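The structure appears right after this line, and notes come after that.
The values are calculated or read from the model by the stated rules, or taken from the named source; none is laboratory data. The structure displayed is predicted, hence computed values, not measured ones. Here Cβ is always computed from backbone atoms with ideal geometry, including for glycine, and neighbour counts include all displayed protein chains.
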Amino acid sequence: MCNLHNKPRKTKYMLKPLAKKIKPCSCRGYNCYAIILSLFVFGFVYANIDPVPAGSDAEPINLNLAQLANSSHQLIQTASISNSGSSNNDDDTETGSSNVMTGRTALLMNKLMLEEGIRKFEKHHGYTTTFIKQELIDGVMSENQVMNLKLMHAPFSVYMKWLVGDKGQEVLYVAGQNDNKMIVKVGGAKGRFIPPIKLNPTGSTALKKSRHPITNIGLVNQSKKILSYRIKELTNGEMELKCQMHSDQMFEDRECYCFIIEYNHKDVSPPYRKSVIYLDKEWLVPLCTKNFNWPSGSEKLTGIELDQQTMIEAYSYSNIKMNTRLAGADFSRKILKR
């Protein structure tokens, strides 16, 4: 007789314990672990990655950060070598090299170039650039601060976003708006939870991490500040400084004039012992400025070592793009909420 009636019974009892063994190893356990792992990964990425919406920033910057970080030593070395050229404060002649001019003539050339550069640059509606600064604050030299900078001349408007340093931090300032205060949005994960705050641009909180207020930033303002020193120095009857102009220098990929000004003693210039200025030959604006203080200790330092120990501030502008169609929307508070 056929045993077909017995097969379902055997199959039923054979599969039942097998089903019990499979059930504890169900998909629920794996799904639970997968969900937990996914949430962890998502949280980590969200907290550490700074999303950049399409079109929110200026064009991608082709920037060799290592090269710019080392430019401090290179410029200091150039300035120190060139000091051996001439020591006569009142000479209006060139040194042995046809590319070097000294004395009052060099000082006057710096003044005239700055005036022309200001006149030409103020005609441009605005520009975008990579701004790099390094400053001595409360006796401590800051790391290099690299940021995207957008600037419009009228009304004076500034937007900055940090790429290196306080990465992700954003600062907005528009003259006559927001109670004439700057708006700061902190970077990193904190910026997603802390709302932007208003600060007095010349107040102690705003200047805690900067030697100069945001109202002084930009190529035109930098030129005007240097120009005020040149006018004062040329007005004095006696030359209390040394000035050299080198016409064969480069900063980044731009041809520049390099002006080196050294003051004879602290009474002449309390804030600065020496300044090195790289003036763009085409635009006649300072692409790089480095200022040095007076040595404080009794130890006598000279040359590169002295400059390395006494540098108090360095500012540079790279990848300048002018004729940029900037408008009020580029400096709206809404850009901080992207």
Open item on the list: Anything in the stretch 183-202 that is part of a strand (DSSP E or B) and either under 19 Å from Lys167 (Cβ atoms) or not aliphatic (A, V, I, L, M) (or both)? List them, or say none.
Closed with: Ile183, Val184, Lys185, Ile197, Lys198
Open item on the list: Looking only at the stretch 163-197, count every residue that is among the aromatic types (Phe, Trp, Tyr) and surrounded by 13 or more Cβ atoms within 10 Å (Cβ to Cβ) and tell me the total.
Closed with: 1
Task: Every residue from the stretch 306-323 that is in contact with a helix residue (DSSP H, G or I) (Cβ under 9 Å, 6 or more places away or on another chain) and either aromatic (Phe, Trp, Tyr) or more than 27 Å from Gly188 (Cβ to Cβ) (or both) - done: Leu306, Asp307, Gln308, Met311, Tyr315, Tyr317, Ile320, Met322
Task: Pick from the stretch 203-221, criterion in a loop (DSSP other than H, G, I, E, B), free of Cβ contacts under 8 Å to residues at least 60 places away in the same chain and among the small types (Gly, Ala, Ser), ranking: surrounded by the fewest Cβ atoms within 10 Å (Cβ to Cβ) - done: Ser204
TODO: Quick one: Cys258 ticks every box in (1) touching a residue at least 24 places away in the same chain (Cβ under 8 Å); (2) under 26 Å from Phe331 (Cβ atoms); (3) under 22 Å from the mean Cα position of the chain (by Cα) except a single one, so which number is it?
DONE: (2)
Open item on the list: Against the condition more than 28 Å from Leu108 (Cα to Cα), surrounded by fewer than 15 Cβ atoms within 10 Å (Cβ to Cβ) and over 22 Å from the mean Cα position of the chain (by Cα), how does Lys266 come out, does it pass?
Closed with: no
- [ ] State the number of residues belonging to the stretch 247-293 that are within 19 Å of Glu135 (Cα to Cα) and among the hydrophobic types (A, V, I, L, M, F, W, C).
- [x] 5
TODO: Among the candidates Lys224, Lys232, single out the residue that is over 16 Å from the mean Cα position of the chain (by Cα), in a helix (DSSP H, G or I), under 16 Å from Tyr317 (Cβ atoms) and not aliphatic (A, V, I, L, M).
DONE: Lys224
Open item on the list: I want to confirm something. Restricting to the stretch 293-308 and keeping residues that are farther than 19 Å from Pro270 by Cα and in contact (Cβ under 8 Å) with a residue 12 or more places away in the chain, which single residue is farthest from the chain's Cα centre (by Cα)?
Closed with: Gly303
Task: Residue identified as closer than 25 Å to Ala314 by Cβ and at pLDDT 90 or above among Ala175, Ala106 - done: Ala106
TODO: Look at Met239 and say whether it is surrounded by fewer than 21 Cβ atoms within 10 Å (Cβ to Cβ), at pLDDT below 90 and within 23 Å of the chain's Cα centre (by Cα).
DONE: no
Open item on the list: List pairs: first residue in the stretch 129-143 and farther than 19 Å from Leu163 by Cα, second residue surrounded by 13 or more Cβ atoms within 10 Å (Cβ to Cβ) and not basic (Lys, Arg) anywhere in the structure, Cβ distance under 6 angstrom, at least six positions apart or on different chains.
Closed with: Leu136/Ile312
Task: Conditions (1) surrounded by fewer than 17 Cβ atoms within 10 Å (Cβ to Cβ); (2) in contact (Cβ under 8 Å) with a residue 40 or more places away in the chain: number failed by Asn200 - done: (2)
Task: Lys111 touching a helix residue (DSSP H, G or I) at 6+ places or on another chain (Cβ under 7 Å), surrounded by 15 or more Cβ atoms within 10 Å (Cβ to Cβ) and either among the polar types (S, T, N, Q) or within 20 Å of Asn221 (Cα to Cα) (or both) - done: yes
Task: Whichever residue in the stretch 242-260 is charged (D, E, K, R) and touching a helix residue (DSSP H, G or I) at 6+ places or on another chain (Cβ under 9 Å) and, among such residues, is surrounded by the fewest Cβ atoms within 10 Å (Cβ to Cβ) - done: Glu252
TODO: Just one of (1) surrounded by 20 or more Cβ atoms within 10 Å (Cβ to Cβ); (2) in a helix (DSSP H, G or I) trips up Thr129, so point out which.
DONE: (2)
Open item on the list: Suppose we keep only residues that are among the acidic types (Asp, Glu) and modelled with pLDDT of 95 or more within the stretch 109-135. Which one would you say is farthest from Arg230 (Cα to Cα)?
Closed with: Glu135
Task: Condition met for Asp330 (of a type outside the set (Phe, Trp, Tyr), crowded, with 21+ Cβ neighbours inside 10 Å and farther than 25 Å from Leu112 by Cβ) - done: no
